[in-house]
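Input: a single structure, listed below in structure tokens.
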Amino acid sequence: MYQGSITSAEQHRTAGSESPPAGRSPLGTLAYLALVVVPFVALAYPVATVALLTGTVALAVLSRSVLRTLRRRSGRVQTLTLPGLGTVEYRITTN
């Protein structure tokens with residue numbers, strides 16, 4: 001019969017039982033995966049890729065146009081006539 005001393009659990013740990021080193025973040029892994037997969041998807045679906053790029057450019061141009069218009073009208077009283085209802089006055093302000 002073995003009669004050894006009673007030791008704590010910390011003393012029985014082996015060298016390989018320590019926690020693993022910090023890994024990569026999930027966001028970084030997804031970004032890397034996207035960078036690898038996106039070229040293949042773009043080559044597989046060229047029409048969808050062109051449509052997506054065209055839509056992105058159109059959205060950027062439209063947003064710049066809207067922002068430019070809002071800046072130009074900022075602070076001035078504008079009127080909008082609604083036939084049969086009356087006239088609405090509004091002012092666009094920025095902080």
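A few remarks follow.
- Within the stretch 39-80, the set of residues being closer than 13 Å to Ile92 by Cβ and either among the basic types (Lys, Arg) or not in a strand (DSSP E or B) (or both) comprises Val66, Leu67, Arg68, Thr69, Leu70, Arg71, Arg72, Arg73, Gly75, Arg76.
- The one condition in (1) at pLDDT below 90; (2) polar (S, T, N, Q); (3) loosely packed, with under 10 Cβ neighbours inside 10 Å; (4) part of a strand (DSSP E or B) that Ser5 fails to fulfil: (4)
- Any hit, the stretch 54-70, residues being in contact (Cβ under 8 Å) with a residue 12 or more places away in the chain and surrounded by 10 or more Cβ atoms within 10 Å (Cβ to Cβ): yes
- Verdict on Val47 being within 35 Å of the chain's Cα centre (by Cα), at pLDDT 90 or above, aliphatic (A, V, I, L, M) and surrounded by fewer than 10 Cβ atoms within 10 Å (Cβ to Cβ): yes
The values are calculated or read from the model by the stated rules, or taken from the named source; none is laboratory data. Treat the numbers as computed from the prediction; the structure is a model and nothing was measured. As a convention, Cβ positions derive from the backbone with ideal geometry for all residues, glycine included, and neighbour counts pool all protein chains shown.
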